[in-house]
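*Asks:* This is the structure, below, for whatever I ask next.
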Amino acid sequence: MPVTEAFYEAAIIPELWKEALNQATEAWGADGIIVSSYPECLSGYLPSDGMEEFCSRFVSQGWHKQDIRAVRGLAFVRKGNELATDLDLFTPDELKQLPFYRDFLDSMGFNWFAGGLLAEGGGSQITLSVHRKAGRDPFLQADLARIQRDLPHVKRAARLAAKARISYAEGLVDSLERLACGAILIDWLGRVIRMNKKAEGYVGSHIEVTSSRLRSRHRENRKTLQELVATCTQPLGERGEKSITSALLHRPNELPLVVHAHPIVRKASDVFQGASGLLLLSDPAEQRILDARALQQMFQLTPSEIRISAELAKGLDTQQIASEHGIGANTVRYHLKSIFAKTSTHHQAQLVSLLSRFSDLSDLN
């Protein structure tokens, strides 16, 4: 299969990108190819065979934050050049003395590259870098001609892949409408790409969209929104356990909105994903019937724990639940402690967010 056909096929089936890159590596006389998303490998990288360790150390050792070759290369191609090489970007002395070459590339056994910009949008740029090992010649005009022959097709395939991924994400947002769930799609710059009608219903006096960004007039909610958006926009290598994944947005005279942040994470298609995450919103005041059977099967909750979970999902506090069922507040707290342990949650906001996903939605079918 010609290289160009392999890239077009990969645009439709993300799992085929590695094979397309492997074919291009051989056809272009290279030792490896990497498709990355910049700045700082926001959504990861897609390597050909043999480049996995290169990419892993590139990120784990922090070289993605010191990649002067990418900075100069992107500036070079934006001036109208299709491809950039080391010889275009650096002097011979720089190639010997720059830490990126001396400490990283030399240690990996690589030296030369040719790179270009495939597509951009959503706050990131999809780049192509073609690599040769140390001891080989740099990429010269004859080498670049082979790459440039196929490059227009690779760019079209990359744009097609990016459109396919954003269409998938937008479809996911719309489908969540059926689950009575507000959904807001966020790009890598923290901008709102799309929201479903349910989410639009929450926008108003408590949540605003200003210059495509989520805002709140209430100071206590402002920081919460920023942290949730940050969870969705953190570069792949920086996502950790301390990221805020769920929180409450307080509303005067109403129960708070429950918001859960979901970074969009996939493998071969990560690089082409213009959307970085989803914010899911639910209103505890909306009456929903918990799927008791699902809760029991999933978490082994007792009938008493399911009843308390159902009242909590309605927005009742500990004292209200105790009064409703004629039991002591300490008894409710005892059951809550057991529910937290069984569901691996740590506070009521996190538990309510979890329970909202176990509603009986049969009336929506």
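The values are calculated or read from the model by the stated rules, or taken from the named source; none is laboratory data. Not measured: the values here are computed from a predicted model. As a convention, Cβ positions derive from the backbone with ideal geometry for all residues, glycine included, and neighbour counts pool all protein chains shown. Accessible surface is based on the protein model in full, side chains and every heavy atom, while ligands, DNA and RNA are left aside. Shrake-Rupley method; radii C 1.70, N 1.55, O 1.52, S 1.80 Å.
*Asks:* Taking the highest mean first, how do the peptides 124-134, 167-177, 220-230, 87-97 order by number of other beta carbon atoms within 10 angstrom per residue? Let's see the in-between values first.
*Replies:* On the way: 124-134: 21.5, 167-177: 15.6, 220-230: 17.4, 87-97: 13.3.
Per-residue Cβ counts within 10 Å, averaged per peptide and sorted highest first, yield 124-134, 220-230, 167-177, 87-97.
*Asks:* If you don't mind, there's one more thing I want to ask. So what's Rg/Rh here for the stretch 30-164, counting alpha carbon atoms and using the Kirkwood radius for Rh? Write out the running numbers ahead of the final one.
*Replies:* Details: Rg = 14.1 Å, Rh = 15.1 Å.
Ratio of gyration radius to Kirkwood radius for the stretch 30-164: 0.93.
*Asks:* So which of 198/314; 163/223; 79/133 end up more than 26 Å apart, counting from Cα to Cα? Before the final figure, lay out each step's value.
*Replies:* Numbers: 198/314 18 Å; 163/223 32 Å; 79/133 28 Å.
Violating the 26 Å limit, Cα to Cα: 163/223; 79/133.
*Asks:* Short version: ³J(HN,Hα) in whole Hz for each residue of the stretch 8-20, in order, from phi by Karplus 6.51 cos²θ - 1.76 cosθ + 1.60 (θ = phi - 60°), x for Gly and Pro, what are they?
*Replies:* 5, 5, 5, 4, 8, 10, x, 5, 8, 4, 4, 5, 4
*Asks:* How much length would be gained if the chain were fully extended between residue 9 and residue 27, taking 0.36 nm per residue of separation minus their Cα-Cα distance, in nm to one decimal?
*Replies:* 4.8 nm
*Asks:* At a 1.4 Å probe, what is the % contribution of carbon and sulfur to the accessible area of the stretch 101-234?
*Replies:* 49 percent
*Asks:* Check the straight Cα-Cα distances from residue 18 and name the lysines below 17 Å, setting aside those fewer than 8 residues away within the same chain.
*Replies:* Hits, sequence-local ones excluded: 155, 267.
*Asks:* In the chain, what is the volume of the convex hull around the alpha carbon atoms, normalised per residue and reported in Å³?
*Replies:* Numbers: hull volume 61.1 nm³, N = 365.
Taking the convex hull of the Cα positions in the chain, it is 168 Å³ per residue.
*Asks:* How large is the helix-only mean residue ellipticity at 222 nm for the chain, computed as the sum of -39500 (n - 2.57) over DSSP H runs with n ≥ 4, divided by its residue count, in deg cm²/dmol to the nearest 500?
*Replies:* Numbers: 14 runs with 154 residues, N = 365.
Helix contribution divided over all residues of the chain: -13000 deg cm²/dmol.
*Asks:* Here's another thing I want to ask about it. Using per-residue counts of other Cβ atoms within 10 Å, averaged over each peptide, order 145-154, 46-55 from highest down.
*Replies:* On the way: 145-154: 16.5, 46-55: 18.3.
Result, highest mean Cβ count within 10 Å first: 46-55, 145-154.
*Asks:* Want the number for residue 297 to residue 323: 0.36 nm per residue separation, take away the alpha-carbon distance, what's left?
*Replies:* On the way: separation 26, 0.36 × 26 = 9.36 nm, distance 2.81 nm.
Length gained, residue 297 through residue 323: 6.6 nm.
*Asks:* Let me ask you something else. In square angstrom, what is the accessible area per residue of the chain with a 1.4 angstrom probe? Working shown, then result.
*Replies:* Numbers: 17790 Å² over 365 residues.
Heavy-atom accessible area per residue stands at 49 Å².
*Asks:* Which is farthest toward the positive dipole end of the chain among 4, 352, 257, measuring Cα position about the Cα centre, with Cβ charges +1 (Lys, Arg) and -1 (Asp, Glu)?
*Replies:* 257
*Asks:* Between residue 175 and residue 19, how high is the FRET efficiency from 1/(1 + (r/R0)^6) when r is the Cβ-Cβ distance and R₀ = 41 Å? Nearest 0.05.
*Replies:* Working: r = 31 Å, r/R0 = 0.75.
In this case the efficiency is close to 0.85.
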